[in-house]
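Notes follow once the structure below has been shown.
The values are calculated or read from the model by the stated rules, or taken from the named source; none is laboratory data. Being a predicted model, the structure only gives us computed values, none of them experimental. Reconstructed Cβ throughout: ideal geometry from the backbone, glycine too, with neighbour counts over all protein chains shown.
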């Protein structure tokens, strides 16, 4: 194990986030550009890569949140200062998510309910808000909260689905927590974030232990045992999700219409899918979270501890470093072909050439910006500036109240 872990950024975080945003962009390219007869590509591909898509992005957001919180806590004179700094960043993200929803309503033709729609930005922003409330709890209690949350959410969904279109209270629950069903509802995705906060604190502890006192043989042994424990927890969750998720479920829980899309293939005709690969089912949450924990711990061990890491120009690292900028800007490119040809569409074969070109253009743009050091024109930098200004205002008010 390396005794010099001194990278300014934890490469694993950028890498995992980059993989997620890469796959999310892929999904949007297919959804926007495929002709309806080729939608089976979306369905089949989704079953394979969903495990590292939006749910993993939420998991990594939890890692980054906890890691940053612990870093700021070390630098601050009080916990309240750290909380206000994190809250400032969270408020800016919430505002940004509402702006995004507003643009979706204006450009995408969504109804007024689209102003409160659970996309990944809104989901992560409110996950951070909840994270501020529970970050002081022990990792053990947070883990228990996440497990209970998974089962409680399944109970709420099972109660809500049969009546939310006709019963007012169920409808309210749907609009507040699940709108739309194929979106990134807070109740479904927050366990991923909570698991991420636990893992983020683990990463922070190891890296800062090396910086302060070095890693001796005893510390190395303890870290290795903790890594094995994390891997075992992830494996146990994955197996549990697989075991309880072998039961087939049909269209009643197929929010993403995967069965419908897969059946557009001329040689496929299915009516159910195992619940462990059915998005937003509780077995799916356990299965995905287990895989993500295993993948993250192995990646962290190889890349950040053993220092066998890719160059910063690696495609996923660039995507991870500028994930929010890419998430916003890629929508502009998605709409661009329709300005040239309103009937633009691709089949299951040609889509891959356009997809490769699309991802390559995005990577090249942000690689050149990163190479020139123009981080200041990124959305991440804009969020940083506004959150600092808001944090300064909050700190000033706190000082005035104490005078």
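Residue count for segment 31-45 satisfying the condition of being buried (at least 20 other Cβ atoms within 10 Å of the Cβ), part of a helix (DSSP H, G or I) and out of contact with any strand residue (DSSP E or B) (no Cβ under 8 Å at 6 or more places or on another chain): 2.
Out of everything in segment 272-306 that is free of Cβ contacts under 8 Å to residues at least 60 places away in the same chain and touching a helix residue (DSSP H, G or I) at 6+ places or on another chain (Cβ under 7 Å), what residue ends up being farthest from residue 11 (Cα to Cα)? Break it down stepwise before answering.
Step one: list which residues in segment 272-306 are free of Cβ contacts under 8 Å to residues at least 60 places away in the same chain, which gives 272, 274-276, 278, 283-284, 290, 302.
From the residues that got through so far, the ones that are touching a helix residue (DSSP H, G or I) at 6+ places or on another chain (Cβ under 7 Å) too are 275-276, 278, 283-284, 290.
Details: 275: 33, 276: 30, 278: 31, 283: 30, 284: 27, 290: 21 Å.
My answer is 275.
Looking at segment 287-306, can you tell me whether even one residue there is assigned to a loop (DSSP other than H, G, I, E, B), at pLDDT 90 or above and farther than 18 Å from residue 194 by Cα? No: segment 287-306 contains no residue that is assigned to a loop (DSSP other than H, G, I, E, B), at pLDDT 90 or above and farther than 18 Å from residue 194 by Cα. Residue under question is residue 187, and the condition is that it be under 29 Å from residue 164 (Cα atoms), part of a loop (DSSP other than H, G, I, E, B) and at pLDDT 90 or above; does it hold? Against the criterion (under 29 Å from residue 164 (Cα atoms), part of a loop (DSSP other than H, G, I, E, B) and at pLDDT 90 or above), residue 187 does not qualify. Restricting segment 336-350 to residues that are in contact with a helix residue (DSSP H, G or I) (Cβ under 6 Å, 6 or more places away or on another chain) and part of a loop (DSSP other than H, G, I, E, B), the residue that is farthest from residue 34 (Cα to Cα) is 344.
Have a look at 68, 97 and point out the one that is assigned to a helix (DSSP H, G or I), in contact with a helix residue (DSSP H, G or I) (Cβ under 6 Å, 6 or more places away or on another chain), at pLDDT below 95 and surrounded by fewer than 22 Cβ atoms within 10 Å (Cβ to Cβ). Explain how you work it out, then say what you get.
Values: 68 fails: in contact with a helix residue (DSSP H, G or I) (Cβ under 6 Å, 6 or more places away or on another chain).
Answer to the selection: 97.
Residues are listed down the side, and each one gets a yes or a no for (1) more than 18 Å from the chain's Cα centre (by Cα); (2) closer than 13 Å to residue 177 by Cβ; (3) exposed (fewer than 13 other Cβ atoms within 10 Å of the Cβ):
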site: 112; (1), (2), (3): yes, no, yes
site: 123; (1), (2), (3): no, yes, no
site: 156; (1), (2), (3): yes, yes, no
site: 162; (1), (2), (3): yes, no, yes
